[in-house]
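Read through the structure below, which is laid out as structure tokens, and then see the notes.
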Amino acid sequence: MILDIDVGNTFLKWRCSEPGGIAVRGRLLTERLNDGMPAGWPENVDRVRVASVAGPVVAALISDYCRKRWGLEPEFARAGRQASGVTNSYSEPHRMGVDRWLAMLAAYNLGQGGCCVVDCGSAITIDFVAADGHHLGVHRAGVAADGEKPAGQYRRGGRRSPAGTVRSGARQRYLQCGVSWHQLRVRRHPAATAGAAGSRPSLLPVADHRRRWRAVPASGRSR
Ligand SMILES: Nc1ncnc2c1ncn2[C@@H]1O[C@H](COP(=O)(O)OP(=O)(O)OP(=O)(O)O)[C@@H](O)[C@H]1O
Ligand SMILES: CC(C)(CO)[C@@H](O)C(=O)NCCC(=O)O
């Protein structure tokens, strides 16, 4: 049985899969990890794979638990310079949230080409990957987490984290509201600035592009 864990800023999501498919799944608030790991994790786990943006304290909690309960080391995914056809645009690739990175790898390969990954969690991020696999940039929209703050206002700090976790400056910036489509930051790739001088990058979501886009939901079914 493989246990997959996705630790976000708000929720930890998990699933256990075996050759026949997903056997069991669940989620709990990340801040509740201080009280213990999810009750539903089974005995017969052979492998644990983790994608976490929750920082080193949460990583240590998960590692300790896996060693004690199953005598195994969990495998933590990391963002890299290049994988599965996608090239990271960050000069320090490991600084990209691994949730964004894995979502881009999945979307690029599921959609077989250029894609735009919209992730609406605690933060809202929209990543663009060109047809040749280069990550072109991210649109960072803010949080309307729990409906507390309308878009356009700033949210600084506020959300509780498991004791001792450190929120990176980058994540704090994501957790601020007020970025519009026209502030899309397209990074470091010639394709992003191609076109007539002064014109907007060709990936901006103008109507022409919208008509050609196809949605590939996170469940993997395309429509
Ligand atoms: N179906 C839904 N409809 C509306 N809001 C939702 C829904 N599901 C989750 N949310 C909200 O999204 C946020 C958390 O979602 P999610 O678990 O995807 O984020 P996360 O992975 O913890 O965060 P991040 O990936 O940004 O670190 C919470 O504010 C929650 O209230
Ligand atoms: C942007 C979030 C919070 C989205 O979950 C996460 O991917 C994260 O903490 N990223 C680190 C900073 C970055 O991706 O640039």
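The values are calculated or read from the model by the stated rules, or taken from the named source; none is laboratory data. Here the structure is a predicted model, which means the values were calculated and not measured. When we count neighbours, we look across all protein chains shown, and the Cβ atoms used for this are built from the backbone with ideal geometry, even at glycine. These accessible areas exclude ligands, DNA and RNA; they are computed on the full protein's heavy atoms, side chains included. Shrake-Rupley method; radii C 1.70, N 1.55, O 1.52, S 1.80 Å.
The residue pairs whose first member lies in the range 75-95 and is over 20 Å from Asp6 (Cα atoms), whose second member is of a type in the set (Gly, Ala, Ser) and at pLDDT below 95, and whose beta carbons are closer than 8 Å, counting only pairs six or more residues apart or on different chains, are Ser89/Gly137. Could you list, in sequence order, the residues of the range 1-23 that are among the charged types (D, E, K, R) and either in contact with a Cys (Cβ under 9 Å, 6 or more places away or on another chain) or within 13 Å of ligand 2 (Cβ to nearest atom) (or both)? Hits for the range 1-23 are Asp4, Asp6, Lys13. Residues in the range 96-134 that are open to solvent by 30 Å² or more (accessible area, probe 1.4 Å) and within 18 Å of Val50 (Cβ to Cβ): 6 in all.
Among the residues of the range 64-112, those that are in contact with a Pro (Cβ under 8 Å, 6 or more places away or on another chain) and more than 12 Å from ligand 2 (Cβ to nearest atom) comprise Cys66, Gly80, Arg81. Of the residues making up the range 14-58, those that are closer than 16 Å to Val98 by Cβ and hydroxyl-bearing (Ser, Thr, Tyr) are Thr30, Ser52. Scanning the range 1-32 for residues that are under 17 Å from Ser122 (Cβ atoms) and over 19 Å from the mean Cα position of the chain (by Cα) turns up just one, Arg32.
Quick grid of which residues meet (1) in contact with a Phe, Trp or Tyr (Cβ under 9 Å, 6 or more places away or on another chain); (2) in contact (Cβ under 8 Å) with a residue 60 or more places away in the chain:
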| residue | (1), (2) |
| --- | --- |
| Pro42 | no, no |
| Val50 | yes, no |
| Val53 | no, yes |
| Ala60 | no, no |
